[in-house]
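Following: one structure in structure tokens, then a few remarks.
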Amino acid sequence: MKRILLLIHKLHSGGGTETYVYTLAKELMHRGHRVGVFTTGGSWVEKFRRHGIRVYVATENHQLASLARVVRQHGYDVLHAHDTPSFQLVRRLHAARTKRVVLTVHGRYVSPASLRLAAPMARYVTVVSPSLQTYVRACGVPAGKVRLIENGIDTRLFRQKQHTSFRRRHGVPENAFVIGYAGRFTFDKLALSKKVSAVLRKYAAEHGGAYALIAGRGSLGAVPSSSRVKVLGHVPYMPSFYQSCDVVVGTARVALEALSCGVPTIAVGYSRYLGRISPSNFPRAVQTNFGDHAASPTPWLSSRLSLDIDTVRRNRLSHLLMARQLSHTVHRKYTSRRMAREMERLY
């Protein structure tokens, strides 16, 4: 049994990195390890605690002293940092020199300078997509330190199931064609999320029987609701969201979760538009974490997304069968159990 401390600057609700940390913590605990999370707070602190995950909350001005005390008092032998502030914190911690340190890079927003400064402290630097593996090596991290451990989904939750009660709760008819979008309406993702939402709003207005469900942190303040566009903000239980949709638009973990639920998925990320995911383009989509981690952003036309949505609507059965095939792939290769097992070997 290891004593593992996961570090993340903020536990905001619904972010990809926060969801990763939550999923990893649960799986490591299930495998018998003692797991804690060190953070400066956020809306998900109580969620973590409700699920039995020990959370240490430090003030912004006393993080280093608090971390040193937590490590000393609770005997953590593995420190696993998940964002740039946490990389910097571990680098400054004298006690880290006697611990196993692992860093995980979740996006290209981690600067080369940050990686070069933090990497010497780490036994391993893990990445969640092949594209990030290339990026981290190009930043100067020795190839021998870099390990690819792709995102893992809790397939016990994200599975094929029809969820009509979610539609009823939000006033969506059972026979509607429902387009779901889940994204983050903050910082670097705001422009993308607003562009996708605008396409969904226009499509719902122009096609009778079409409804849009929009979920994500910050969405309530960024997108107006209407009779056929339901803006939901943070959705506490995402499986029911996906299971109520006929098609989901998203990237990164959202795309994997939707596919795990057997829902046709259109991938559009921060860096690239990939379109409808099929068994033939799935391996290529994984390379860039479904368009989120490509080397440079590529512009795309709103009409392309509208056309892809319409293609799914007109060919529902064939796309549903493809999505179910991809669901089996996700359940076989991209489970949170596999992710935790691979991480455990590095610890």
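Could you tell me whether any residue of the range 121-142 is at pLDDT below 95, more than 30 Å from L232 (Cα to Cα) and in a helix (DSSP H, G or I)?
The answer is yes, given that some residue of the range 121-142 is at pLDDT below 95, more than 30 Å from L232 (Cα to Cα) and in a helix (DSSP H, G or I).
Take the conditions surrounded by fewer than 23 Cβ atoms within 10 Å (Cβ to Cβ) and either modelled with pLDDT under 95 or among the acidic types (D, E) (or both) and apply them to D292. Does it pass?
Here the answer is no, as D292 does not meet what is asked.
Test T251 against the criterion of being among the polar types (S, T, N, Q), outside the structural domain of R108 (by TED's automatic domain parsing) and surrounded by 20 or more Cβ atoms within 10 Å (Cβ to Cβ), and give yes or no.
Yes, satisfied.
Out of (1) in contact (Cβ under 8 Å) with a residue 60 or more places away in the chain; (2) in a helix (DSSP H, G or I); (3) buried (at least 22 other Cβ atoms within 10 Å of the Cβ), the odd one out for G180 is which?
Unmet condition: (2).
Which is modelled with pLDDT of 95 or more and surrounded by fewer than 18 Cβ atoms within 10 Å (Cβ to Cβ), of T298, T311?
T311
Which members of the range 172-192 meet the condition of being hydroxyl-bearing (S, T, Y) and closer than 10 Å to R217 by Cβ?
Selection gives T186 alone.
Under 9 Å between Cβ atoms, at least 6 apart or on separate chains: pull out the pairs that start in the range 90-119 with a residue that is outside the structural domain of H74 (by TED's automatic domain parsing) and end on any residue that is surrounded by fewer than 20 Cβ atoms within 10 Å (Cβ to Cβ).
none
Here is a check on your reading of the model: is P236 more than 29 Å from E27 (Cα to Cα), assigned by TED's automatic domain parsing to the domain that holds V286 and not basic (K, R)? Write out each step before concluding.
On the way: more than 29 Å from E27 (Cα to Cα): no; assigned by TED's automatic domain parsing to the domain that holds V286: yes; not basic (K, R): yes.
No.
Quick one: is A323 modelled with pLDDT of 95 or more, more than 19 Å from H170 (Cβ to Cβ) and within 15 Å of the chain's Cα centre (by Cα)?
Values: modelled with pLDDT of 95 or more: yes; more than 19 Å from H170 (Cβ to Cβ): yes; within 15 Å of the chain's Cα centre (by Cα): no.
When the stated conditions are applied, A323 does not pass them.
Determine, yes or no, whether T126 is farther than 26 Å from R92 by Cβ and not acidic (D, E). It would help to see each step written out before you state the result.
Working: farther than 26 Å from R92 by Cβ: no; not acidic (D, E): yes.
Considered against the rule, which asks whether it is farther than 26 Å from R92 by Cβ and not acidic (D, E), T126 comes out as no.
The values are calculated or read from the model by the stated rules, or taken from the named source; none is laboratory data. Here the structure is a predicted model, which is why all the values come from computation and not from measurement. Don't worry about glycine lacking a Cβ; one is built from the backbone with ideal geometry, like all the others, and counts go over all protein chains shown.
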